[in-house]
Amino acid sequence: MGIRKIGVGLVVVGLAGLVATTAFAEGFTWPVSGTITATHVYAGGAYHSGSADIGAPYWRGIGASHRGWTYARWESGGCGYYVSMSHGNGYTSLYCHMVRWPSTWNGRYVYRNTHIGYVGSTGHSTGPHVHFAIRRWGVRYRIPNIWRGKWVNRGYICAYYAGV
């Protein structure tokens, strides 16, 4: 797949002639700096298909991985306090286990790296971390080039996805 800039804000992708905005070229970013503690493998009693757990200290700020609409929620099991985001074209992202109610509200449009909450350990969790997942049409995408023990930095590109 080749990407080349053809003008301000446009790229051409050599996959079925798809044309997308620079959002595609920029991709998704990591929501927090920390160490990957679990990836797509069985971890802590659940399969982490297409997602990553990023271990970080309590109260570290979490940023939106891409621009989109936020939905703050509480789930008594699983995610605890969390934010899900809709990015358009079927893409969503998920940020679980926040320390308290998220720092955003339902239906708020935010840009990449906008603060949406704090690292915590609510829900089914064994320590402070962010469970981060990207989905398209409800199917989790496997984030490429991650492994347990890898350090990631908030704001750096984690993956490119067509049509974002």
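Here the 3J(HN,Hα) profile of region 104-119, calculated from phi with Karplus coefficients 6.51, -1.76 and 1.60 at θ = phi - 60°, is 9, 9, 5, x, 7, 8, 10, 9, 3, 6, 5, 5, 10, x, 10, 4 Hz, Gly and Pro shown as x. For region 152-161, 3J(HN,Hα) computed residue by residue from phi via the Karplus equation (6.51, -1.76, 1.60; θ = phi - 60°) reads 10, 10, 4, x, 8, 5, 9, 5, 9, 9 Hz, glycine and proline entered as x. Determine the share of region 47-132's accessible area contributed by carbon and sulfur atoms, expressed in whole percent, with a 1.4 angstrom probe. So the carbon and sulfur contribution to the accessible surface is 53 percent. In terms of accessible area, using a 1.4 Å probe and ignoring ligands and nucleic acids, 114, 126 rank largest first as 126, 114. Phi angles of region 56-67 translate, via the Karplus equation with coefficients 6.51, -1.76, 1.60 and θ = phi - 60°, into HN-Hα couplings of 7, x, 3, 6, 6, x, 10, x, 5, 7, 6, 6 Hz per residue; Gly and Pro are given as x. Ligands, DNA and RNA are left out, and with a 1.4 angstrom probe the accessible area of region 52-164 is 48 Å² per residue.
The values are calculated or read from the model by the stated rules, or taken from the named source; none is laboratory data. Keep in mind it's a predicted model, so treat the numbers as computed, not measured. We work out accessible area using only protein heavy atoms, side chains counted, and drop any ligands, DNA or RNA first. Shrake-Rupley method; radii C 1.70, N 1.55, O 1.52, S 1.80 Å.
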